[in-house]
Amino acid sequence: MTEYDLHLYADSFHEGHWCCENLAKIAQSDGGKHQIDYLQGFIPRHSLIFSDLIINITVFGSYKSWKHLPKQIKDLLFWGKPDFIAYDPKNDKILFAVEETGAVPTGNQALQRCERIYGSARKQIPFWYLLSEFGQHKDGGTRRDSIWPTIMGLKLTQLVKTPSIILHYSDINNPEDYNSGNGLKFLFKSLLQIIINYCTLKNPLKGMLELLSIQYENMLEFIKSQWKEQIDFLPGEEILNTKTKELARMYASLAIGQTVKIPEELFNWPRTDKVNFKSPQGLIKYDELCYQLEKAVGSKKAYCLSNNAGAKPQKLESLKEWINSQKKLFDKAPKLTPPAEFNMKLDAFPVTSNNNYYVTTSKNILYLFDYWKDLRIAIETAFPRLKGKLPTDIDEKPALIYICNSVKPGRLFGDPFTGQLSAFSTIFGKKNIDMPRIVVAYYPHQIYSQALPKNNKSNKGITLKKELTDFLIFHGGVVVKLNEGKAY
C-alpha cells in the first residue's frame, strides 16, 4: 500500500472542505473510500483510500492565516487568490489551481478574475475556472456568461501547453444551480485524475486526452452558441462550426504538452480588410483621443468588436470627490516638458435624467488598429505635447488601445480592469500568438503619477501592465512606460 501526503491551500476552510468532499464523491463512485480526521483538533485531513493507494489531503483554510506559506503558493497568490490550490510539500510543486464563483457572469464580473487565469498559465499550472453559465441579474432578467474568459483559456492553452479550462454549470431554466450542467462533475473528475496520476505515475496529465477533449469541446460549443450576442465578427467561424470535435482534441493535445498546430484563422482577429465594417458609434462623453479613435474607424484604419454600448453613471458627490482627488495628485506629480494640463471639470461629464453623471467616453473600450503608425498619429493629434515622444520604428506593427474610464483614484490597478486587460492582451495583444499587437491602455480620468515607482507598491495590477502593455496614457496626454518607470 502506497501512501502520499498532499496539501490543499484554500481561500477558506469551507472552500477546502467543499473541494475534498467533491473529490471524495468521485473517488467513492470509483470504489474508493473516504475518511476525515483533524490535526491539532482543527486542521482537516481527508484520506482517499483505494485498494493499493492512500492519498491524504490536509486542508489549510484562509491563505493569510498561515505564517509559513510556501513561496510557490505566495507567488501564485500575487496574481489573485484562487479558491484552492493543490500542493505537494515534499517536492515543492503545485498540481493545480481552481477558481469557482457563484457571481452573476455579466458586465464587470465576467472578466474580473481573468488575471488569475493568466497568473496560473504563466507558471504553467493547470487551471480550472468553474462558473455559472446563466445568472439572475439584479434587474430580474437572466444573463449568460461572456465569451472572453473561454477564448482566453483556449489562447493560453495554445500559448503555454497547459490546461486552462473554463467550465460552466447551470442552464437557462436553472440559473446559478450547481446541480445543472456537467461543469462540477468534469472539474472534480479531472482534479482527482491529476492527483492519482501524480501520486502513482509522476505525470499528472497522463491518459487525460479524452477527458480534456470533452471539456474543450464544451468550451468551443459555448462560444458557438454565444458569440453573436456579444460581437459582430468571429474569426474562423466556419472551421469552428464544422470541426468542433477535431479542434477540441487539438486543444486537449496541446494541454498535455503535445505539439499541434491550431488553424491560424481561428480566434485570430485580422486587419481591417478582412472585416465587415460598422459605422463609428460616437461618444457618450467627449474626449479628444476617443474622437480620433472613432475617426480611425470611419477611415477603416481600425475597428471595434461590436456595437454594444454600456455606461454606468456615477453620483454627483462621488464624482466631485474623485475629481478633487485627481487634481491633488496632479498638483503633486513631477513636472514634465512640455507641461501637461489638468482640465478635468465636472461640467464636462454629461448628466443623466436622474441627475447622475456619465463617466464613459467612447461606447467601445477596445479598438484594433492595422498599424501602430495610425494609432500613434491619433494619439499625437489628440495630445500635441507627445509629438516626437512615441517610437516610429514599430509603425508597421498592428496595435490595440484599451480604454478604462474609471475616475476614482487607484482603481486603474484593481478589478475589473486588470482582468479585462489580461483577457484582451492575451486574445488580441502582446500574448496573442498569431498576430501580437502593440498594447496601449488609456486612462482619460486618471493622473500619471499613480503609475510611477515611488507612488505605488508592487502589485498584480502593476506587474500585469508591465507584462501586457507597451504604453499607458493618462489624463492630459502623459505617457508612462512601466518597464522604464518614466513619464513623458
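The values are calculated or read from the model by the stated rules, or taken from the named source; none is laboratory data. Everything numeric in this text was worked out from a predicted model, so none of it was measured. Cβ sites come from the backbone with ideal geometry, for glycine too, and all protein chains shown count toward neighbours. In case anyone asks, the SASA skips ligands and DNA or RNA and just uses the protein heavy atoms, side chains included. Shrake-Rupley method; radii C 1.70, N 1.55, O 1.52, S 1.80 Å.
Observations on the model:
- Matching option when the condition is over 19 Å from LYS185 (Cβ atoms) and either open to solvent by 10 Å² or more (accessible area, probe 1.4 Å) or within 36 Å of the chain's Cα centre (by Cα) (or both), among ILE49, ILE26: ILE49
- Any hit, segment 218-229, residues being among the acidic types (Asp, Glu), touching a residue at least 40 places away in the same chain (Cβ under 8 Å) and open to solvent by 70 Å² or more (accessible area, probe 1.4 Å): yes
- Taken as a whole, segment 291-308 holds no residue that is of a type in the set (Val, Ile, Thr), buried (at least 16 other Cβ atoms within 10 Å of the Cβ) and either free of Cβ contacts under 8 Å to residues at least 60 places away in the same chain or part of a loop (DSSP other than H, G, I, E, B) (or both).
- The listed residues are TRP148, TRP128, and the only one of them that is modelled with pLDDT of 90 or more, assigned by the TED database to the domain that holds ILE231, touching a helix residue (DSSP H, G or I) at 6+ places or on another chain (Cβ under 6 Å) and open to solvent by 10 Å² or more (accessible area, probe 1.4 Å) turns out to be TRP148.
- Filtering segment 252-274 to residues that are touching a strand residue (DSSP E or B) at 6+ places or on another chain (Cβ under 9 Å) and aromatic (Phe, Trp, Tyr) leaves only TRP269.
- Any hit, segment 337-346, residues being of a type in the set (S, T, N, Q) and either within 17 Å of SER279 (Cα to Cα) or in contact (Cβ under 8 Å) with a residue 40 or more places away in the chain (or both): yes
Let's see how each residue does on (1) within 22 Å of the chain's Cα centre (by Cα); (2) modelled with pLDDT under 95; (3) within 16 Å of PHE127 (Cα to Cα); (4) among the hydrophobic types (A, V, I, L, M, F, W, C):
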position: GLN193; (1), (2), (3), (4): no, no, yes, no
position: TYR198; (1), (2), (3), (4): no, no, yes, no
position: LYS202; (1), (2), (3), (4): no, yes, no, no
position: LEU205; (1), (2), (3), (4): no, no, yes, yes
position: GLN215; (1), (2), (3), (4): yes, no, yes, no
position: GLU221; (1), (2), (3), (4): yes, no, no, no
position: ILE231; (1), (2), (3), (4): yes, yes, no, yes
position: GLU237; (1), (2), (3), (4): no, no, no, no
position: LEU240; (1), (2), (3), (4): no, no, no, yes
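- Screening the candidates ILE85, ILE54 for the property of being part of a strand (DSSP E or B), β-branched (Val, Ile, Thr) and open to solvent by 10 Å² or more (accessible area, probe 1.4 Å) yields one hit, ILE54.
- Inspection of segment 318-330 identifies no residue that is over 26 Å from ARG437 (Cβ atoms), open to solvent by 50 Å² or more (accessible area, probe 1.4 Å) and either part of a strand (DSSP E or B) or not assigned by the TED database to the domain that holds GLY282 (or both).
- Residue match in segment 192-212 (condition: polar (S, T, N, Q), assigned to a helix (DSSP H, G or I) and touching a residue at least 12 places away in the same chain (Cβ under 8 Å)): yes
- Given (1) farther than 28 Å from THR162 by Cα; (2) in contact with a strand residue (DSSP E or B) (Cβ under 6 Å, 6 or more places away or on another chain); (3) at pLDDT below 95, number of the condition GLN40 does not satisfy: (2)
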